[in-house]
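So the structure is just underneath, and the comments pick up after that.
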Amino acid sequence: MVGRFAVCRLAASFATEQEAFILHGRLQGQDHETAIGLTKDKHGDSKVRIDGTDGHKVAELALMMPMQLITPEGFTLLNGGPKYRRAFLDWGCFHNEAGFFTAWSNLKRLLKQRNAALRQVTRYAQLRAWDKELIPLAEQISRWRAEYSAGIAQDMADTCQQFLPEFSLSFSFQRGWEKETDYARCWSEASSAIAC
């Protein structure tokens, strides 16, 4: 994943006595070539350059080079907690849905604000402002995850069949709340338990 550097590997990436390393290259599109560069210093700070201009974000590079890699460490998709599977789905949605990153960022921000407000409020009505924005975002992100999951399920099963022909594997998406239950109702019921 672009932008994820392990600290122990980062130090090994520097030549002796150097303060930073620079990675640069060119992306060849059908009718356009894009010059890209990434500078990473010993403190972990990054600078991204695209077509000669600085100030870009690492996420912009990720948008330009969509890929999903499953390595031996990818076993955590199976035996790790749900956060690893969500991260895998979110990475795929990030590349497949134009509005995903904005919606996902807004959802994270709203959840953080709402969780902070939970420590201070005494009535559920005080949380409704967050819920009004949060619920549609969570439902949309869940739909995108379900669509992406459905789109790759057969490919995943086929790939697993090549390596584990003695097993029959299937993949399905299960959201974090009951299928028949409206997400807004889940939030309302959970929130009303704090105080009325």
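The values are calculated or read from the model by the stated rules, or taken from the named source; none is laboratory data. Everything quoted here is computed from the prediction, not taken from an experiment. Reconstructed Cβ throughout: ideal geometry from the backbone, glycine too, with neighbour counts over all protein chains shown.
Please determine, by comparing only the residues of region 24-59 that are under 19 Å from F101 (Cβ atoms) and surrounded by fewer than 13 Cβ atoms within 10 Å (Cβ to Cβ), which one is nearest to the chain's Cα centre (by Cα). Selected residue: K57.
The numbered conditions (1) over 15 Å from the mean Cα position of the chain (by Cα); (2) part of a helix (DSSP H, G or I); (3) among the polar types (S, T, N, Q) are all true for T102 except (1). Does region 38-45 contain any residue that is over 18 Å from S142 (Cβ atoms), outside any helix (DSSP H, G or I), hydrophobic (A, V, I, L, M, F, W, C) and free of Cβ contacts under 8 Å to residues at least 40 places away in the same chain? The answer is yes, given that some residue of region 38-45 is over 18 Å from S142 (Cβ atoms), outside any helix (DSSP H, G or I), hydrophobic (A, V, I, L, M, F, W, C) and free of Cβ contacts under 8 Å to residues at least 40 places away in the same chain. Being modelled with pLDDT of 85 or more, in the same structural domain as A103 (by TED's automatic domain parsing) and within 21 Å of N96 (Cβ to Cβ) is not true of E166. Scanning region 114-132 for residues that are closer than 30 Å to Y148 by Cα, surrounded by 14 or more Cβ atoms within 10 Å (Cβ to Cβ) and not hydrophobic (A, V, I, L, M, F, W, C) yields a count of 2. The residue pairs whose first member lies in region 19-33 and is closer than 16 Å to M65 by Cα, whose second member is β-branched (V, I, T), and whose beta carbons are closer than 7 Å, counting only pairs six or more residues apart or on different chains, are H24/I36; G25/I36; R26/T34; L27/T34; L27/I36. Scan region 155-171 for residues that are surrounded by 10 or more Cβ atoms within 10 Å (Cβ to Cβ) and of a type in the set (D, E) and the total you get is 2. Each residue in region 10-59 was checked for being among the polar types (S, T, N, Q), farther than 25 Å from W91 by Cβ and modelled with pLDDT under 80, and 2 of them qualify.
Flag not set for L111, criterion: surrounded by 13 or more Cβ atoms within 10 Å (Cβ to Cβ), closer than 22 Å to C160 by Cα and out of contact with any Ser or Thr (no Cβ under 9 Å at 6 or more places or on another chain). If you go through region 150-190 one residue at a time, how many are assigned to a loop (DSSP other than H, G, I, E, B) and under 30 Å from Y124 (Cβ atoms)? Looking only at that region, the number is 10.
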